[in-house]
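Working notes, structure below.
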């Protein structure tokens, strides 16, 4: 018996998959993604915007007015939810995408989950360049979204609709794993968003997401209960080291 498939654009498949992810909290099953913050423009309005409108009941969309602010809001939501629920964020290509970088760095440092979905250049390179596209004359594969790589726990550029079948499960794993948790960036080229593919219907079945929590060894649990023999001396040594570092920095500043 053949496995049933459903034909969707890449953007429709992305939204449907996110809406199908669920989590158990306090005995209640709720969506893993509470919604999507969006600022629409070239790169995310035609395909992804249509898909979000189609699934607006399952995955609500809130239109923002500043990319960095909406990403920080998404990060704050994840922190308030103790990383058990999260938000997604989408922007147009170019400056709209780079406005997310500072927020991505904040989420990376603090291990807070947020899914970033910036629009990207045409994979077909027709047209090329597009409005606000960064042109790198030494490397034709570079776009502004490459600046997300150092501040993402997982980064991927979806250059074919079928890549969602591996990229999305990897993204969810990073977003929900206590050890790997942090920002995930999936760059979405404009033309690929609108390309159709026959996805396995089972890929969009509701799924309860649960992160494995490793129990630490008994020795590590007991160790903090044993106070240091000379706590005041340890604090004093730490203070002295901090003062010496500050004094050295001041000296280097004035000598410069």
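Looking only at the stretch 129-144, decide whether some residue is closer than 26 Å to residue 13 by Cβ, surrounded by fewer than 16 Cβ atoms within 10 Å (Cβ to Cβ) and touching a strand residue (DSSP E or B) at 6+ places or on another chain (Cβ under 6 Å). No, the stretch 129-144 contains no residue that is closer than 26 Å to residue 13 by Cβ, surrounded by fewer than 16 Cβ atoms within 10 Å (Cβ to Cβ) and touching a strand residue (DSSP E or B) at 6+ places or on another chain (Cβ under 6 Å). Beta carbons closer than 8 Å, at least 6 apart along the sequence or on distinct chains, pair a first residue in the stretch 175-203 that is free of Cβ contacts under 8 Å to residues at least 40 places away in the same chain with a second that is assigned to a helix (DSSP H, G or I) and buried (at least 17 other Cβ atoms within 10 Å of the Cβ) for 180/174.
For the stretch 145-158, which positions are over 16 Å from residue 193 (Cβ atoms) and in contact with a strand residue (DSSP E or B) (Cβ under 9 Å, 6 or more places away or on another chain)? Reasoning before the result, please.
Let us first name the residues in the stretch 145-158 that are over 16 Å from residue 193 (Cβ atoms), namely 146-155.
Selection gives 146, 148, 149, 151, 152, 153, 154, 155.
Considering only the stretch 159-256, give the helices (runs of 4 or more DSSP H) lying wholly within it that have at least 1 residues that are in contact with a strand residue (DSSP E or B) (Cβ under 8 Å, 6 or more places away or on another chain), within 26 Å of residue 22 (Cα to Cα) and at pLDDT 95 or above. Before you say what the answer is, go through the steps one by one.
On the way: elements: 164-176, 190-193, 218-222, 231-255.
Here the list reads 164-176, 190-193.
Does residue 64 qualify as being crowded, with 23+ Cβ neighbours inside 10 Å, more than 21 Å from residue 195 (Cβ to Cβ) and in contact (Cβ under 8 Å) with a residue 12 or more places away in the chain? Answer is no for this residue.
From 153, 157, which residue is within 14 Å of the chain's Cα centre (by Cα), more than 19 Å from residue 74 (Cα to Cα) and surrounded by 15 or more Cβ atoms within 10 Å (Cβ to Cβ)? Reasoning before the result, please.
Working: 153 fails: more than 19 Å from residue 74 (Cα to Cα).
One residue alone meets the criteria, 157.
Within the stretch 148-158, the residues that satisfy the criterion of being touching a helix residue (DSSP H, G or I) at 6+ places or on another chain (Cβ under 7 Å) and assigned to a helix (DSSP H, G or I) are 148, 151.
Yes or no: the stretch 102-114 includes at least one residue that is part of a loop (DSSP other than H, G, I, E, B), surrounded by fewer than 18 Cβ atoms within 10 Å (Cβ to Cβ), at pLDDT 90 or above and out of contact with any strand residue (DSSP E or B) (no Cβ under 6 Å at 6 or more places or on another chain).
We begin by selecting, within the stretch 102-114, every residue part of a loop (DSSP other than H, G, I, E, B); these are 111-113.
If we keep only those that are surrounded by fewer than 18 Cβ atoms within 10 Å (Cβ to Cβ) too, we end up with 111.
Among the residues that remain, those that are also at pLDDT 90 or above are: 111.
So of that shortlist, the ones also out of contact with any strand residue (DSSP E or B) (no Cβ under 6 Å at 6 or more places or on another chain) come out as 111.
Yes.
The values are calculated or read from the model by the stated rules, or taken from the named source; none is laboratory data. Predicted model, so just to flag it, every value in this text is computed and none were measured. Heads up, the Cβs are rebuilt from the backbone with ideal geometry, glycines too, and the neighbour counts pull from every protein chain shown.
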